[in-house]
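A short worksheet on the structure shown next.
Each value in this text was obtained by applying a stated rule to the coordinates, not by laboratory testing. Everything numeric here is computed off the predicted structure, so don't read it as measured data. Neighbour counts run over all protein chains shown; Cβ positions are idealised from the backbone, glycine included.
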Amino acid sequence: MRHLVLLLSVVGLLMLSACGGEKKKQAEADDAMTQKETEAMESIVDHIEELYETIAKHPERSLKPFACHTWWDAVEAVEERDAQLEEIGFFNEDLWTQMQDSNPDEFEVRDLQFEELDVEEGTALVDFVLWSPIQTVHQKFRLCQEEGEWRVHDIIRIYEYDGDESHDDLLEEMTHYLAEPFEEFEEEDDEEEAPQDLDRGFRVNCQGENPGISDFAGSYLAYMIDADDDCMEGVILYRDLHQAMKRQEKGLPLADGETLTIDERNGYLIYEKNEDGYLDRLEMCFWNEADGKHKLFAENRWAFSSGKPIIGQYDGLSFYRYDNATKMMAPYYMDGLDVGSGTRTYTLPRTGKDIVVTMWNDNGTTSQETLKWDGHGFSLR
């Protein structure tokens with residue numbers, strides 16, 4: 001019996017020793033995996049920061065090392081297809097920064113978080129905010145390991161409106177775009193750009209017989225948001241103004257950096273959004289025409305940085321003519337009136353009827369002219 005007890009004790013000790021060895025091996029494996037994940041995270045962060053450092057400071061350098069072959073194959077195929085179109089195709093902005101015009105010389109990657117990381121499979125998903133003096137962009141990168149390096153495999157853009165979040169998966173959208181028959185795409189594009197669609201205009205909703213500036217602005221914003229839904233950047237300012245109008249109507253405070261003035265008596269509205277030294281300004285007003293049958297509505301949209309106009313893709317002065325009888329409003333083009341210059345901005349009248357034109361000269365000075373209202377349109381004086 002004594003020998004049996006001794007034997008069982010020895011066996012127990014051996015089992016405990018083996019179990020302790022397995023736990024030690026597992027702990028070492030866990031430590032090794034943690035070390036690999038830490039190194040992978042550091043490498044991915046460095047990769048993203050280097051990407052935007054290159055875009056900002058060295059635009060002449062190739063970005064090929066920053067993304068995988070699958071990504072670049074799709075981009076090149078889309079660019080080749082876009083080259084066959086007379087109008088803007090899939091890419092109407094920088095795919096890395098969402099900038100419509102030239103990129104600034106400063107970017108900062110903020111609030112970067114890892115949502116997924118699989119070191120063994122070589123995949124990762126990171127969420128971050130890309131800050132610049134011009135705009136702030138929220139997006140995600142899906143990354144993969146290729147040739148021993150972490151590279152971008154897909155970009156997911158994130159938009160927020162009215163508290164709801166939407167996503168655009170660029171690789172998925174490029175795949176769908178390339179799969180669409182080219183003839184069908186051209187026909188749809190022609191239909192969207194057809195002049196008769198623009199001339200048809202839209203109805204102005206109002207409570208009484210005579211619409212006010214809030215009626216014009218609300219109907220115009222609804223029309224623009226619906227018409228330009230595929231072009232998110234162009235719509236964002238309209239959506240921001242629409243939301244600000246609703247908040248102001250309910251007596252709620254506006255978002256930080258926003259100001260909104262609605263002067264119903266003078267038929268004038270101005271909305272400004274200031275963020276990181278970048279100012280968006282949107283004015284609206286209307287005139288009663290001399291024939292008593294029409295009203296002329298104007299939208300004046302400009303972006304400024306450090307007090308100077310940037311002249312972005314969506315900036316400019318545009319007119320719409322309202323028919324009192326039908327309550328319809330459609331784009332109105334004035335012959336001989338230059339409203340799309342890259343060196344001038346406009347100020348709509350809150351009082352009076354004339355539009356002030358500001359010329360921004362190359363030497364840093366400004367000068368002004370006046371567009372005089374004549375009851376139907378304007379003449380330069």
For the table K308/K372; K246/K295; K273/K293, the rows whose alpha-carbon distance is greater than 31 Å are K273/K293
proj_area_mean for the range 252-381 (convex hull on C-alpha atoms), units nm², value 9.6 nm²
With the 8 Å Cα cutoff and a minimum separation of six or more residues, the range 235-381 has a relative contact order in percent of 13 percent
Under the 7 Å Cα-to-Cβ spin-label approximation, E60 and A179 lie apart by a distance in nanometres of 4.2 nm
